[in-house]
Amino acid sequence: MKLATLKTDSRDGRLIVVNRTLERFADAPAAWPTMQSALDDWARARDELDALYRALQAGAVAGRALDMQRLAAPLPRAYQWLDGSAYLNHVELVRKARGAEMPAALLTDPLMYQGGGDVMLGCRDAITAGSEDHGIDLEAEVCVVTDDVPAACALTDAARRIQLIGIINDISLRNLIPAELAKGFGFVHGKPPTAFAPVWATPDELGDAWRDAKVHLPLRTWVNEQPLGAPECGVDMQFDFAQLIAHAAATRPLGAGTIIGSGTISNRDSSRGFCCLAEARMLEIIAHGEPRTEFLKFGDRVTIDMTDADGESIFGAIEQTVTQR
């Protein structure tokens, strides 16, 4: 099934069920008015929401026309937002770009940071920044959403904790990050609010493209309608989502609705293109001695989407314009 959140006067919006082609929706049952309320009671909510989804698909429920402009992030504010960096090619390139050393345990211990979950951007919300000098960059990723995960969750149990899947733009301000990380305490200013595709889908909606706790499809990005890349999400992912969940829960439980990101999708085969501008710039520095690709400017447009084997969007596209705060 596919779920989304309609913008309302409430910060948390209203949970809706969306049909497979993202054209129509129906309000979720009154027992689960928001996405978080459904995730808190997922064992019961899932079956009733899925029944409504099937009725909407079959035409037994008419539904209403879906307008992406009216959608918030599926979870407009989240108790827990953790972003991994599972694609080591991305780690190597961006660290090289800022002159940072590679972690000694890179192959065995996932990188992960805790993001701000209080404000999540919808699929048409603007990317805002105070200055172009901040080095505004997109980062296209896959994310998963969990139910309650116990502390010290076994790796063999972690995959079944994944209930929903989506795609995100984990926006970065590249020129603020080096000085911030040099303090030795993590991201704050370099990571403004993250944007989400309009719809989250249950793993079964991806069919064979969801296996081994990975998504096996390309994630496509454009800047100003020009293709930036379409790296394969199932290729070069050092840590799958089960491993990321087990890592996140090593010393603490994760509450229902925890969002875990994959990190920027990145393939060692650069012919597939990129899901961020920093990687393109680093390869240009290696080849030419200087970057030729600019970071995002005010007025630039970013699009991120993932399609199925029939070319249909699975989660709906993220379409954002860069604006000055």
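Structural remarks
- Computed from the C-beta positions of A31 and V119, the FRET efficiency with R₀ = 22 Å rounds to 0.25.
- Set of lysines with alpha-carbon distance to K2 below 20 Å, sequence-local pairs under 8 removed: K214
- Contact order, relative form, for the stretch 174-325: 24 percent (alpha carbon pairs under 8 Å, 6 or more residues apart, mean separation divided by residue count).
- Derived scalar couplings between HN and Hα for the stretch 145-156 equal 10, 9, 8, 5, 10, x, 4, 6, 4, 5, 4, 5 Hz in order, rounded to whole Hz, by the Karplus curve 6.51 cos²θ - 1.76 cosθ + 1.60 (θ = phi - 60°), x for Gly and Pro.
- Surface accessible to a 1.4 Å probe, per residue, for the residues of the chain, Å²: 43 Å²
- Residues in the stretch 231-240 carry Karplus couplings, in order, of x, 7, 5, x, 10, 6, 8, 5, 10, 7 Hz; the curve used is 6.51 cos²θ - 1.76 cosθ + 1.60 with θ = phi - 60°, and Gly or Pro positions show x.
- Bridgeable lysines around K7 (alpha carbons under 27 Å apart, same-chain partners fewer than 8 residues away excluded): K191.
- At most 14 other Cβ within 10 Å, DSSP loop - GluC sites (Glu not before Pro), the stretch 159-258: E225
- Local electrostatic count, L155, Cβ distance below 12 Å [Lys/Arg +1, Asp/Glu -1]: 0
- Modelled this way, with points 7 Å down the Cα-to-C-beta line, the labels at D212 and E284 are 3.4 nm from one another.
- Counted over the chain, the DSSP beta bridges are approximately 90% antiparallel.
- Simple point charges give the picture: +1 on the Cβ of Lys and Arg, -1 on the Cβ of Asp and Glu, and for the stretch 81-182 a dipole about the Cα centre of about 200 debye.
- Expressed as a whole percent, the accessible surface of the chain that belongs to carbon and sulfur atoms is 48, based on a 1.4 Å probe.
- Here is how the number arises for the chain: DSSP H runs of 4 or more residues each give -39500 (n - 2.57), the sum is divided by the residue count, and the result at 222 nm is -5500 deg cm²/dmol.
- For the pair E312 and A60, a Förster radius of 25 Å applied to the C-beta separation gives a FRET efficiency near 0.70, rounded to the nearest 0.05.
The values are calculated or read from the model by the stated rules, or taken from the named source; none is laboratory data. Model, not experiment: these values are computed from the prediction. Neighbour counts are summed over all protein chains in view; Cβ atoms, including those assigned to glycine, are modelled from backbone coordinates with ideal geometry. To get the accessible areas, we keep the full protein, side chains included, count just its heavy atoms, and leave off ligands, DNA and RNA. Shrake-Rupley method; radii C 1.70, N 1.55, O 1.52, S 1.80 Å.
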